[in-house]
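What follows is a short report on a single structure.
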Amino acid sequence: MSNFLQYTVFGIMLGAGYAIAATGLVVTYTTSGVFNFAQGAVGMIAAFSYWELVTAHHVPILVALVIILVLGASIAGALVERVLMRRLHGASAERPVMVTLGLMVILTGLAAIVWSPSTQRTVGYMINGQFGLLGINIQYQYVLIIAVAIAVAIGLRALFYSTRPGYALRAVVDDPELLAMSGASPNRMSQYGWILGFVMAALSGVLLASTQTTGLNIEAMTLLVVSGYAAAIVGRLKNIPITFAAAVGIGLAENYIGNYVVPHVPQNLGLDITNALPMVFLFIALVTLPSVRLRAVGRLTTLRVPRVASGWESLVAGGVFFAVAVTAALLFGNTAFKGTTLLTLGGVVMALGIVGLSLVLVTGYSGQVSLCQFSFMGIGAFVMGKVAGGGSLLGLLAATAVCAGIGALIALPTIRLRDLYLALATFAFADAVANAFFTDPHIYGSGGVGVGRIVLPGLSFGGDASEFLMVTAFFVLAAWMVLAMRRSLFGRRLLAVNDSPAAYATVGLNIGFTKVAVFAIAAGMAGLAGALYGTVQQIVGTSDFDVFPGIIFVLFVTIWSIRTVSGAFLAALTYVVLNQLWPSGLGLFAGIGIILIGRAAGGILGIEAIQVHLPWVRRRQTDLAEIPTAALAGAAIIGGGTHVAG
Amino acid sequence: MTGLTAESAGGRRGAVAGLPPGIAITDLRAAYGRIEVLHGVELLVPPGSVYALLGPNGAGKSTLLKVISGRLRATSGQVVIGEKPVGKASTEKLARSGVCAIPEGRGVFPNLTVRENLRIWTYRGGMDINEVEDTTYEEFPRLKERRRQMAGTLSGGEQQMLAISRALVTHPKVLLLDELSMGLAPLIVAELYDLVGNLARKGMTVLLVEQFVSTALSVANRAAIMVHGRIEQEGSPEEMAEAALSVYLA
């Protein structure tokens, strides 16, 4: 009984910490309509800063809290709103998701530079000591965390539902222009929202830091608030009391499962369960709860239509691309570079290019944000390594089919999700797979999975050059297929689903089938890419397909252009080159890049000045004179006034 | 059918002692991106008048209201309210100085209750919320029954009542109304326009944009017809009723 009480108290304390982070998410979403994926990273920075001030430099706790919360978090929140978020008004719905993901990878990248992961850092309690109650010992620190969480929940509820500034904070997302017409400044309200959100994130980070008994870890601290994500979703991103209750419930469930279930299953399975639990909660919350009304549907974000190459143009371009690859293979041969060969790296670029193409299909065309393409890639590599001796055409087919099947299964419960919610669901899936599958030595192998080079009757791809050309051929084929799909009726359906699901359904088309089909095809492509990646590398590691590299790659594709084949290839090339030159700076580049690109839906390749010099990515400009004035007026209002070009 | 001179509009910049401010618009141009929508609009709204701006879809009427209320920057030209040029004043600053703009559609916050919407209306006014509620519910008893209901769940007419209650409780000097009758039953429209007439008699300058000529002219004492981003004709309601026929049928 005393054990149960002890677990309960710890669970409530853990849940209270999640609740602070979750209410911060709710505050930011309520006041800006943006789900801040960087919430955990802000908490992580706050936790490390707290360690730096209190533990390393012996600054008094209260002074440290003032520096971190009042100065650091408040100023950072205000700056993020002013510099990053304000200019995203009217951008497509996936853009704020990408920018906050960018912010997350920037913060984790900076943290890795400032606080070397090799040093162990532990944070002590703010209040030491304990007291006895009902036969158990309760730390004062636990009481502090619970009390702070309750105070935050009550205070924010009162602010939002009993004060005029609170009404204005809620109203700003509904209609900022109307709020301005009522005499309140929408920009200032949004800024207050971001400040509050950042302070909540920092507070949860500082409080939860003391629960990390094995020391602070950048990735673990960043993902610690994922349980807070689930709670915020249960509270439908607006209800603070329900969010609080859900966070406490999740904290308790995690603690009970950790203490009552995990010890009775094999050790590795127990570890998998513990690691994947927060993401499983998030996934369940997303697919079972009624979806929250989205406020960003039906926005016209561009008046320009990306030009799609014709069948002949695709064939010619593919031929030229392959000829360039052959030339490169002849030129570079076995040229070594940083412990590998240039052609091996080239093969990796092509394999990642296919993953980029899968993103063009699923996100660029159909508008479904997928953050788990690297997971399919990892599963594909695993299947390739395990089927028919690890280097066969059958393995490629199996990898593609298995991933397409899993993709369809993932897509089925998430059909009704869109934009942010789909991004969160795929994020949950990616992290759960990374924690429970890729890192389990009994499944993925402690040293990774071996994958052989493909051998066909009469054809061997044992050499780097032939392997490179084979993967290039697959990339060209995949690119041609993606463009063919875009030109087909299916491609037009994807664009229609992206533009207006409601209109799509009203003409009698099946949204569910289209979404599942495109998700499955994209998953299959990523699986194929993973299998090819395996044949190039010959061994795939447990961290190759982690959630962070996956997110960073999505950001690179978005930076270049998530709507074009060229964007997919350039993203793969950038990723591989930067990963070789400065691996720890990869996240920083991606994060800064996505912030600089901002709301431009077409990425770098969509920038007009660049299109002038790159005829193959030129766009067909809609004749503006043909658009009725009222439509242009509406477009400009919705798009923020001046945004015309994609 | 003569155009108003600045003097007849109430002074050089539309200001007359004891009267609410007039609106003087000179050579106004505005654009969405590269597309110019207003091509040199000239308009003088006399202080204390109800001025109807008529015209077909896409004429630029709503855009003109956006510029006057600070929601869209003019590319050139000038808007003067009373004696003050609007210039680069923000929407919220204009709202605080007494310009009440009720936008096209339903100018309410759908995820806030009726009471919370009323409290937002008085965000900067320092008005007593009980007085605000009493005034609103006296005029629109139906809103009292719905005061705890989310505004987004009200009927179209009730939402428009709530929207126009902003003009009722904040006592603005200038009221800009955009398509008040859109999508509403004739009886509701008549009720709302009765209120507009009453508000004008209490002392405010009203500029209303309408597609429905007879509705607008029933309360207006001056009117203009706008076509393709320009004021085509301007005159008394009777003159404009006749002129509007040719414009709408053209």
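The values are calculated or read from the model by the stated rules, or taken from the named source; none is laboratory data. Remember, predicted model here, so these are calculated numbers, not experimental data. Virtual Cβ from ideal backbone geometry, glycine too; neighbours counted across all protein chains shown.
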### Message
So B:Gly107 passes all but one of these: (1) at the interface with chain A (Cβ under 10 Å from one of its Cβ atoms); (2) more than 24 Å from B:Thr205 (Cα to Cα). Which condition number does it fail?
### Response
(2)
### Task
Would you check if B:Ser214 is in contact with a strand residue (DSSP E or B) (Cβ under 9 Å, 6 or more places away or on another chain), more than 14 Å from chain A (Cβ to nearest Cβ), among the hydroxyl-bearing types (Ser, Thr, Tyr) and surrounded by fewer than 16 Cβ atoms within 10 Å (Cβ to Cβ)?
no
#### Entry: The listed residue being aliphatic (A, V, I, L, M) and within 14 Å of chain B (Cβ to nearest Cβ), out of A:Leu156, A:Leu169, A:Leu144
A:Leu169
### Message
Six or more apart or on different chains, Cβ atoms under 6 Å: show the pairs whose first residue is in segment B:56-76 and touching a residue at least 40 places away in the same chain (Cβ under 8 Å) and whose second is of a type in the set (D, E, K, R) and outside any helix (DSSP H, G or I).
### Response
B:Ser62/B:Glu104; B:Ser62/B:Asp178; B:Leu65/B:Asp178; B:Thr75/B:Arg29; B:Ser76/B:Arg29
### Query
Only one residue in A:Val360, A:Val383, A:Val355 is touching a Lys or Arg at 6+ places or on another chain (Cβ under 7 Å), in a helix (DSSP H, G or I), surrounded by 24 or more Cβ atoms within 10 Å (Cβ to Cβ) and of a type in the set (Val, Ile, Thr), so which one is that?
A:Val360
### Query
Does A:Thr213 count as surrounded by fewer than 21 Cβ atoms within 10 Å (Cβ to Cβ) and more than 14 Å from chain B (Cβ to nearest Cβ)?
yes
### Task
Kindly indicate which of A:Ala22, A:Ala78, A:Ala64 is assigned by TED's automatic domain parsing to the domain that holds A:Ile146 and surrounded by 24 or more Cβ atoms within 10 Å (Cβ to Cβ).
A:Ala22
#### Entry: A:Val123 being among the β-branched types (Val, Ile, Thr) and in a helix (DSSP H, G or I)
no
### Query
Any residue in segment A:248-265 that is farther than 30 Å from A:Ser162 by Cα, assigned to a helix (DSSP H, G or I) and under 24 Å from the mean Cα position of the chain (by Cα)?
yes
### Task
Being within 14 Å of another protein chain (Cβ to nearest Cβ), part of a helix (DSSP H, G or I) and out of contact with any strand residue (DSSP E or B) (no Cβ under 7 Å at 6 or more places or on another chain) narrows it down to one of A:Met221, A:Met189, so name that one.
A:Met189
### Task
Within segment B:110-150, track down each residue that is more than 9 Å from every other protein chain (Cβ to nearest Cβ), aliphatic (A, V, I, L, M) and farther than 14 Å from B:Glu191 by Cβ.
B:Val114, B:Leu118, B:Met127, B:Val132, B:Met150
### Output for segment B:39-77, where each listed residue is within 23 Å of B:Gly235 (Cβ to Cβ) and either more than 18 Å from the chain's Cα centre (by Cα) or among the acidic types (Asp, Glu) (or both)
B:His39, B:Gly40, B:Glu42, B:Gly77
### Query
So which of A:Leu573, A:Leu578 is surrounded by fewer than 24 Cβ atoms within 10 Å (Cβ to Cβ), more than 18 Å from A:Cys372 (Cβ to Cβ), assigned by TED's automatic domain parsing to the domain that holds A:Met485 and in contact with a Leu (Cβ under 7 Å, 6 or more places away or on another chain)?
A:Leu578
### Message
Looking at (1) out of contact with any Asp or Glu (no Cβ under 7 Å at 6 or more places or on another chain); (2) more than 8 Å from chain A (Cβ to nearest Cβ), which one does B:Glu42 not meet, given that it meets all the others?
### Response
(1)
### Task
State whether the residues of segment A:44-51 include one that is at negative phi and either over 28 Å from the mean Cα position of the chain (by Cα) or modelled with pLDDT under 90 (or both).
no
### Message
Could you check segment B:45-72 and list, in sequence order, the residues that are touching an Asp or Glu at 6+ places or on another chain (Cβ under 7 Å), within 12 Å of another protein chain (Cβ to nearest Cβ) and either farther than 20 Å from B:Gly107 by Cα or among the small types (Gly, Ala, Ser) (or both)?
### Response
B:Ser62
### Task
Filter segment B:73-99 down to the residues that are in contact with a Lys or Arg (Cβ under 6 Å, 6 or more places away or on another chain) and facing chain A (nearest Cβ under 8 Å), then identify the one that is surrounded by the most Cβ atoms within 10 Å (Cβ to Cβ).
B:Thr91
### Task
Scan segment B:166-180 for residues that are over 18 Å from B:Ala151 (Cβ atoms), in contact with an Asp or Glu (Cβ under 7 Å, 6 or more places away or on another chain) and at pLDDT below 85 and report the count.
0
### Task
Go through the residues of segment A:87-100 one by one and say whether even a single one is β-branched (Val, Ile, Thr), farther than 30 Å from A:Ile562 by Cα and in contact (Cβ under 8 Å) with a residue 12 or more places away in the chain.
no
### Task
Mind telling me which of the residues B:Ser236, B:Ser246 ends up being among the polar types (S, T, N, Q) and at pLDDT below 85?
B:Ser246
### Message
Residues that are without any contact (Cβ under 8 Å) to a residue 60 or more places away in the chain and among the hydrophobic types (A, V, I, L, M, F, W, C): does segment A:196-205 have at least one?
### Response
no
### Task
Could you identify the single residue in A:Leu343, A:Leu393 that is of a type in the set (A, V, I, L, M, F, W, C) and crowded, with 24+ Cβ neighbours inside 10 Å?
A:Leu343
### helices (runs of 4 or more DSSP H) contained in segment A:440-552 and holding at least 2 residues acidic (Asp, Glu)
A:464-487
